[in-house]
Each structure stands twice: as structure tokens, then as C-alpha cells.
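Working notes, structure below.
The values are calculated or read from the model by the stated rules, or taken from the named source; none is laboratory data. For clarity, every value in this text was computed on a predicted model and none was experimentally measured. So basically every Cβ, Gly included, is an ideal-geometry build from the backbone, and we count neighbours across all protein chains shown.
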Amino acid sequence: MENLQTKKIVLVTGGTGFLGVHTILQLLQQGYDVKTTLRSLAKKDTILKALQEGGITDFSHLSFIEADLTSDNNWDEAVKGCDYVLHVASPFPGQDPKDENELIIPARDGALRVLKASRDAGVKRVVLTSSFAAVGYSKNIADHIFTEEDWTDANTELPAYIKSKTVAEKSAWEFIEKEGNGLELTVINPVGIFGPVIGGITSASLDIAVSGILNGTMNQTPPFTMGVVDVRDVADIHIKAMLHPNAAGERFIATSDDVMSFYDVAELFKKERPQYASNIQNLEPIGKEFYKEMSNKKAKTILNWTPRSREEALLASADSLMVNL
């Protein structure tokens, strides 16, 4: 591991997001100097409150820069002096927009903006948060286990979010290949991110799959399953990928060991947290044909990454949400 006597400076884009704030928390705990970008500096207090809740008392190693993924303004300032950039920021809508380009263009152009600025500033490595959406949505083969070798085909009929993540990641790899000039890129492809909420900062996954089940608005089981991963483990894999010499040029699926349906999540809450279960609707189980399998072997093997169980991630979400109600 790197010697932190020579303080490393890390930029985290999108610090007000669920993953962003957990990543900043772990970097500060590990002694890094951290910069983070916000679309508006008015949101700074949200991050400070969350980090305080996470146990940070000294904010002298954290600085904020106002920068938006849809504009060139301030990106050169944001990456200046940074050894590493963790490009975590990306829109995840609760529902698909009418025009898919509302998502695709900012996701792709935002990633390219961050990569160009990083290359020009002499950053060593960028870790890009992509998604399992860019891996697992074009093959429909029984018993197929998805790995990092798989790609979603952006030319097929897809929801806008899935297409946006695929197009953005493909564009990032193309940029590195053609214009990277030695800039290293590592990509993380997380599944649904759960885990403890700090400072009231949640995510679309949490709002739909945890809050929706606990408050009873989820009244049927959608015909799909999701991988589950704890936000603390996704922050951890970003930092491991930032440092590990063998991570350059690689993508890593970030998931715990098994997938779940919404029915499975509801049953877990009823069994393990009966005190929260009064509003949970009786959901129907779905057939095994809907269960997608995916492998986390590469991240475990190369990065020595050890994710928490899906149960621990989901129960941590439920506990932190119920405390904050």
C-alpha cells in the first residue's frame, strides 16, 4: 500500500450522493486529503452533517468545488494537484425520462469531461463508477453467470438508465485507448447499493426497494432480481481499485454473493425485523427463471475484497431508515 506520509490527494465527484459521501468518509478516516465536487456549494452542509454522523470531527482535509458534469467550468480546478480521481457522480432517476438522451448525454459527456481534465492535470488513475447495468442486460441465457467479460449491448431496446451507463462506460474505455496518454482507468460495476444511511442521504435503490417495502407502497414483486451490495463495501472497492497496481485497465463487478427478488427482501424484513413489518404487503414469490446470476470472484481475487452479506446490507438500510423516521 502507498505510504500516506506523502499525503495523497483524491477527488471524489458527486459528494452529496449516497456512495459519494460514504467514499469521502472512508478516505478521510484513512488520512487522505479529499476534494469533492458539488453542483451547488449550497449543498455543502448536507455532506458535513453526514460526515459528522459518520464520526468525522476534523474537516481540515476536505475541500469543496462547485462543478457540474454538464459544463466545463471548474473541472481543471477540481482535478488540480490530485493523485487520484474517483468519478462516482451520476444521475440515477426514480423513473425513466421521456427522452433517453436526458440521461445518456450527461452520463457520457460527464465521464469524458472528468477523464480529459484528469489526463491534462497528470492524475495517475481514475476509478469510474459504472454499473452492473453495463454488464448484464443483453444476454438472456438460462444459467449464465455474468462476469466482467459480459457487456450490455447499447444498440438493443433498453431503459434509458441502463443504456446511459453502458454508453458512458464504453466511451470512457475508448477515450483511454485513443487519447488517454498514460492515464489509468479502473471501472467498478456495482449492483443495487444498500447499507446504512448517514445524514439522511439515500439513493433511488434504497427509496424503491427498502422504503417502498417497509412503508407498504410496494405491493407486487417486479419480475426481476437484483444483486445487493453494501455501500461501505462499494466505497472500499473504489479505494482498493485506486491503489492496486493490477487494477489498471480492469472492470470489477461489486456484489455480495447472491441475488434477491423484492419478495425475498420483504420476507427478510418480516423475519429479522418484525418491529418494522406492520406495513409490509404480502408480495408474491417469482419463478427461478427471473434470477440472474453474477460473479464477484474477480474483485475478491485481484483486490482481496470481502463484501458483507446481502442480508447485512439490507438490514443496515432498514435500521438506519427506521431510526430516522
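Condition first: of a type in the set (Lys, Arg), within 17 Å of residue 194 (Cα to Cα) and in contact (Cβ under 8 Å) with a residue 60 or more places away in the chain. Can you find one or more residues in the range 261-283 that meet it? Looking for residues that are of a type in the set (Lys, Arg), within 17 Å of residue 194 (Cα to Cα) and in contact (Cβ under 8 Å) with a residue 60 or more places away in the chain, one finds none in the range 261-283, hence no. Scanning the range 261-319 for residues that are under 22 Å from residue 203 (Cβ atoms) and among the β-branched types (Val, Ile, Thr) gives 265, 280. Screening the range 91-105 for residues that are surrounded by 12 or more Cβ atoms within 10 Å (Cβ to Cβ) and assigned to a loop (DSSP other than H, G, I, E, B) and picking the one that is modelled with the highest pLDDT gives 100.
Every residue, every condition in (1) exposed (fewer than 15 other Cβ atoms within 10 Å of the Cβ); (2) touching a residue at least 24 places away in the same chain (Cβ under 8 Å); (3) in a helix (DSSP H, G or I), yes or no:
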| position | (1), (2), (3) |
| --- | --- |
| 56 | no, yes, no |
| 60 | yes, no, no |
| 65 | no, yes, no |
| 81 | yes, yes, no |
| 85 | no, yes, no |
| 116 | no, yes, yes |
| 119 | no, yes, yes |
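Look at the range 237-249: where a residue is closer than 11 Å to residue 85 by Cα and a partner is surrounded by fewer than 18 Cβ atoms within 10 Å (Cβ to Cβ) and of a type in the set (Lys, Arg), sitting 6+ places away or on another chain with Cβ atoms under 9 Å, you get 242/124. Restricting attention to the range 18-37, the residues that are surrounded by 15 or more Cβ atoms within 10 Å (Cβ to Cβ) and either modelled with pLDDT under 95 or part of a helix (DSSP H, G or I) (or both) total 11. The single residue among 166, 147, 156, 152 that is among the polar types (S, T, N, Q) and either closer than 26 Å to residue 46 by Cβ or touching a residue at least 60 places away in the same chain (Cβ under 8 Å) (or both) turns out to be 147.
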